[in-house]
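Here the structure comes first, spelled out in structure tokens, and everything after it is commentary.
Please treat every number below as a calculation from the coordinates, not as lab data. Because the structure is a prediction, the values reported are computed rather than measured. Note that we place each Cβ from the backbone using ideal geometry, even for glycine, and neighbour counts take in every protein chain shown.
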Amino acid sequence: MAEQIVVGYDGSENSERALDWAIREAGAREGELKVVVSMGRPVAVDPSLYGPFLEAIEEEADKIAGTAVARARDAGVTAFAVVERGDAAGVLVHESEHAAALVLGRRGRRGVRGRLGSVTAAVSAHAKCPVIVLPDRWDPQERAARGAAGPFTGRVVVGVDRLGRDNPAVLAAGRYAERHGAGLALITVVPETLSMPTGSVDLDRAVREQLTEPARTLVDQVAGSVRKDHPDLDVQTFVFSGLPADQIVEAGRSAELVVVGSRGYGGFRGLLMGSVSQAVLNEGEGPVMVVPNRRKD
């Protein structure tokens, strides 16, 4: 059975970018695309007025959905659309049940069809499949024009926490990078020491090494495991000091994609806690994939 990519679409500029991404993803997986348009909850108006009002909304939604499907088919991707009534977050979480991935723009058009941007956090937290979120500041053409480059250009970035190789985010990042011909960057972050300098360069260096060595050992072990599963994948490891959210957001400025978990497990003093994932979603300049920490039932 072909893998299914779901995209939340409302005709807004950000959802147009999400549609473009979803079309490419469905093509890369040789899967099918499902375009979901939510009309929102029914509006409490006089029954004599509600019928024509609802018909107009449904007609507009059908037109929007049809336009998206036509674009996908023109790109050679099998596609179909559904128009749903109900809360946008609830509709999309339901649609994630059997999807391989769900794609959203961070913000959407405000209106009776729902506000995709306002539900992004809820969908990311509760979806049953990985959710790819495209920030409102993200523009691939503008990024290419300014020549965005850095140590993570062409790479998928994922944080390594105490779960190591068993973290679903690491597994998903490796698969995505291999499928799209990208490199993989494994990042772990240890807090900067709050202790006062000892006055000895050698002793200060020894303290730093004592703090970073366990993190380096873990990330290298994870890299070895990933290379075993994906022998052709270019895997690099990085150990930073500072705040995990800051370091991962910074990496995302040049990365192809940043992958985080929907829930945190802690790790090196809180690496990839839920708050870190939320910070990456809110502040990141590039696409973010949020991976459920629990498998589908």
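Values as computed for the structure displayed
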| quantity | calculated |
| --- | --- |
| Placed amide H near Asp161: partners under 5 Å, 5+ positions off or other chain | none |
| Table column - 3J(HN,Hα) (Hz), the range 67-81, Karplus curve with 6.51, -1.76, 1.60, x for Gly and Pro | 4, 5, 4, 4, 4, 5, 5, 4, 8, x, 10, 5, 8, 8, 10 |
| Using a Förster distance of 51 Å, the FRET efficiency for Ala70-Gln221 (Cβ separation, nearest 0.05) | 0.60 |
| Ordering of 68-75, 231-238, 129-136, 13-20 by burial proxy (mean other Cβ atoms within 10 Å per residue, highest first) | 129-136, 13-20, 68-75, 231-238 |
| Residues whose placed amide H lies under 5 Å from that of Glu84, excluding near-sequence neighbours | Val37, Ser38, Met39 |
| Sites Ala2 and Arg85 - FRET efficiency at Förster radius 25 Å, r taken between beta-carbons, to 0.05 | 0.40 |
| Karplus-derived HN-Hα couplings along the range 119-124 (A = 6.51, B = -1.76, C = 1.60, θ = phi - 60°), whole Hz, x at Gly and Pro | 9, 4, 4, 5, 5, 4 |
| Gain on full stretching of the segment that runs from Asp246 to Asp62 - 0.36 nm per residue minus C-alpha separation | 62.1 nm |
| ³J(HN,Hα) computed for each position of the range 179-187 - Karplus, 6.51 cos²θ - 1.76 cosθ + 1.60, integer Hz, glycine/proline x | 4, 9, x, 9, x, 10, 10, 9, 10 |
